[in-house]
Structures are given as structure tokens and as C-alpha cells.
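Undergrad: What follows is a single structure, and I will ask about it in a moment.
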Amino acid sequence: MPKKKTANKKSPVLSEMPLNDANELRDQVDLYQRILDSVRNGIVVTDPNGVIIFFNKPYGEFIGIEPEQALGKHVTKVIENTRMHVVAETGVPEINVTQRIKGQDMVVQRIPIEKDGKLVAVFGHVMFKDVQDISKLARELHLLESKVQLYERELKSLRSTRYTLDSIVAQSGSMLALKKAAQKAASSNLPVLITGESGTGKEVFAQAIHARSKRSEHPFIRINCSAIPKDLMESELFGYEKGAFTGAYAGGKPGKFELAHRGSIFLDEIGDLPLELQPKLLRILEEKEFERVGGKAYVTSDFRLIAASNQDLEHMVEDHRLRKDLFYRLNVIRIHIPPLRERREDIVPLARHMLRKICTESSLPEARLDALAEETLVNYDWPGNVRELHNVLGRAVSILEGDTIHYLDLLLHLQVKQKTAGEAGNAFLKEMMSCTEQEALIKALSAANNSKSHAAELLGIHRTLLYKKMKKYGLL
């Protein structure tokens, strides 16, 4: 004979109810039964004494018992290693604990159910996943979390600055004072204006200020005002909405100020900003809001402005090429970087630092400068400043034989200029020629094992002239 379903049994409570109410309650119970039987995990409910009052089909299939057979039995008679009755006694839930069932370590929850402060049932839930599977999922989740952290670090590295205050190599009093000023500027959100000749390292200071500030975790957006065509400057700075102009991206594009939200924006060569855009920049600095090109809504951005210029901005104000109110808004914290020729004590330590970096980045053996080479660098005026120094050292390393850079290796790369056409040459040129002659004598004598006759032959001069030259340079 077919077994009768529990749901079809009429309880005394249902038989005493009006027919419509009883049918409605029966339909609800049947719905809940179907829902819990559809859950692909084990569900069991006991009364406060640990007697099973509900047992879903998936749990019965897993254990090998019909749900109807489990009803009315004490939970310990049906489920091995259970603690449902313990939770009924203590009222303390047990969440995500292990229980060995059918030779597998399962993850279970045991939750006491209360009504009016009194325990009325205990709900049990068994995940049909072995603990090893859960551990595997946990390991995979941990791996994903590690990857996310790695990607976050890489993104931060890509968005962050290359230079810090430690990157600024200096021994001169003026540069040490500037480093302190930059450190102080980093602690505020006020605009910074960095001035100085081309190649003095204005962007290095800008990045260092951002890296030391509270905004260092956020973008450092750079834009060179002299490198962008005038017609595109507004859309680059402020972005544009879709359809703003022919050739625009279909979805629009955010501008540099928008991208710099919570970070810093560095406007290099600010003196080349078109005059018609200067009022809009002034408004952004004052209100921290703007409109995209072709847009109607205002965009707000919390940014810190750092500007730089190699031009005489005060003179530009006088010539009406730079708005006076914008200049005052920019010129809040002023950092002026002196040219390299005005801080010669920085040249040698800076050159040594650059040389190590160049060799490392080029995967070349470490190189050094000899005393005459360092003296040559110090005596040169460096019209291109730090950028020119880096360029000269890079070219010298590229053709270097051995591990020492001599002054002869530098001469071809230095822009030696005469004072006037009537002068034989300036003091620097004379000194270089003298040094070259002395070096040639030393190398010839060394190659000839100090034989004067042989050295004279190597140099292509008479031995008498050799002695004269040796006496001149104190080589006798």
C-alpha cells in the first residue's frame, strides 16, 4: 500500500478550524514543506526536548531514511554526532561548526528558536559540502583577495609618483631649505607655484610634495600646458559630454581636473595657458566645480593644484598675458628652484647619484667619475641644468670603456662657448685644453713604462718638448 504523506494528516487543530481557514493554513504548510524540500541542503527541526518535528527530503536521502520515519524520534536516534539537543538545553547557537556525518566532515548550523522569551524549537542546517570542499573555497577566496590586494598595489604604483623628497639630492643650503619648504607645503592643501629655469627639476618637487601629502593614495595628474594644442586645451582640462564636438568619444570623457579628485593636479608651464581659459581656471580654484564642454551640470572635484613655470610670471602679468587675480591665486606657496650654476656644491653628489641610477637602469657595471671629471662638471655652467647633467652622464656611460669616466669622456658632450669672437677662449676652454694635454702626457708615459723617448714618439713630439711639458705640469 502507498505511504500516506504527513502533510495529508489532519491535526486536531485543523479539524476544529473553519473549513476556509483550515484549507488556507494547510496550503501554507504545504508551501513551506515544498520550499524546504527544494533546498539542496539538510534541514531538521526539533522541539525543546530534541524530538524531530520536521525533516526535509534531501536530508533523508543523504542519511538513507524517509522523512516520515524520522518524525517523532529523538534527534540522537536519527543523526550521528548531533548536538541539536544540547543547543535545546543551553539555548546557545552553534554557527558554521563541523559535524561528522556518513564519514564526512560537514558544516552545520544549530539555531535555537524562541517565542516570547521561551525556547520553542531548534533549527538545524547541514551543508552538503565536505569541509575539504569548504576549505578549498576558502583558499580560492583567499587567493582572490590576495590578487585584489596585488592589483590595488599595482594600480597605486601606476597612479602614484616616481619621486619623493628623498629623491632630491642636495647639499647646498638653498636646496636644503627648499626641501624643508616642500615638506611644509605638503601638509596643507594650498596651491603651490614652482618656478625655475628649464631642467631644474620642478616636476620632481611637485611629485615629492604630492607623495608626502595626505593625498598620496590618490592620483597625481600631470598636464603640460605648452604641449597641448590651444583648441583641445579646454576639453583636456575639463572633459566633455557625448556629442560635444566632431570626433569626440561617444560616451564623453572626463577631464584632468575630474580625474584628480581627492589627489593633486600638476599644471606644468602654466604661463602657456590660453588667456581665454584663465577665468575658468580661476573659478575652479575658487569653487572646485566646473562644467564639461557641452555639459549643463556642474562637476565637483576635490583636488590640490600644483603649478610650475620657467617664465617670469610677474612680467607676464605686467604684459597682460596672465591675469593678475589668477597669478595671486596661484602664488600662495612659492618654491623657486635656483639653477645648477648657483649651487655648484650639489653638482658632484647629484652626478654620482645619477650615475648609479643610469648604470642600474641600463644593466651596466657601476661606473665612477675621476677627480678631474668631477672638477670639470663643477666648473661647467650647465645652461640645461639637472636635465643636461643627466644627459651628459648618460652619453658618457654609453661610450665608456672600463669603469671610470675621465674628463676627456665629458668634453665632447659639453657646450663650451667663447665669451667674444676676439678672445682665444674663455677660462673654461683653456682649462679643459690644459687638462687634456696633461692627461695625454700621463697616459703616454704610462704606456711607455716611463721611457721619455718612447713617450715622445707616442705623442708625436720631440723629447725636448716633452720635458718642457712635463715640467709645466709637475710630472718630472
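Undergrad: For segment 192-202, take each phi angle, set θ = phi - 60°, evaluate the Karplus expression 6.51 cos²θ - 1.76 cosθ + 1.60, and give the result in whole Hz per residue in order, putting x for glycine and proline.
TA: After applying 6.51 cos²θ - 1.76 cosθ + 1.60, I find 10, 10, 10, 10, x, 5, 4, x, 7, x, 5 Hz.
Undergrad: When we measure straight from the Cα of residue 296, which aspartates and glutamates land under 13 angstrom away, once same-chain ones fewer than 8 places off are left out?
TA: Partners within reach: 241.
Undergrad: Now, a different point. Rounded to the nearest 0.05, what FRET efficiency is calculated for residue 148 and residue 450 with R0 set to 56 Å and r the Cβ-Cβ distance?
TA: Here the calculated transfer efficiency is 0.20.
Undergrad: Based on the Cβ-Cβ distance from residue 69 to residue 217, what FRET efficiency comes out when R0 is 60 Å, to the nearest 0.05?
TA: On the way: r = 62 Å, r/R0 = 1.03.
Calculated transfer efficiency: 0.45.
Undergrad: Taking amide H positions as placed in the peptide plane 1.01 Å from N, state which residues far from residue 263 in sequence (5 or more) or on other chains have amide H under 5 Å from it.
TA: HN-HN under 5 Å from residue 263: 304.
Undergrad: State which entries of 77/118; 73/115; 184/253 exceed 29 angstrom in Cα-Cα distance in the structure shown.
TA: In this structure, 184/253 lie more than 29 Å apart at Cα.
Undergrad: Another one. Going down the table (180/288; 452/472; 230/280; 179/202), which pairs top 22 Å between alpha carbons?
TA: With Cα atoms farther than 22 Å apart: 180/288.
Undergrad: While we're on this one: Residue separation times 0.36 nm, minus the C-alpha to C-alpha distance between residue 302 and residue 371: what's the value?
TA: Stretched fully, the residue 302-residue 371 segment lengthens by 19.8 nm.
Undergrad: Computed FRET efficiency, Cβ-Cβ of residue 100 and residue 28, R0 41 Å: what is it to the nearest 0.05?
TA: Efficiency, from the Cβ-Cβ distance: 0.70.
Undergrad: What translational diffusion coefficient, to the nearest whole µm²/s, does segment 260-351 have by Stokes-Einstein, given a Kirkwood radius computed over alpha-carbon pairs, a temperature of 37 °C and 0.692 mPa s viscosity?
TA: After rounding, the answer is 214 µm²/s.
Undergrad: From Cα pairs below 8 angstrom and at least 6 apart in sequence, can you work out the relative contact order of segment 51-123, rounded to a whole percent?
TA: Values: 100 pairs, mean separation 15.4, N = 73.
The normalised contact order for segment 51-123 reaches 21 percent.
Undergrad: Treating cross-link reach as a plain straight distance, find the aspartates and glutamates whose alpha-carbon is under 15 Å from the alpha-carbon of residue 57, omitting any fewer than eight places away in the same chain.
TA: Cross-link targets: 30, 37, 66, 68.
We did not get these values from a lab; they are worked out from the coordinates using the rules stated. Because the structure is a prediction, the values reported are computed rather than measured. Note: ideal-geometry Cβ built from the backbone for every residue, glycine included; neighbour counts use all protein chains shown.
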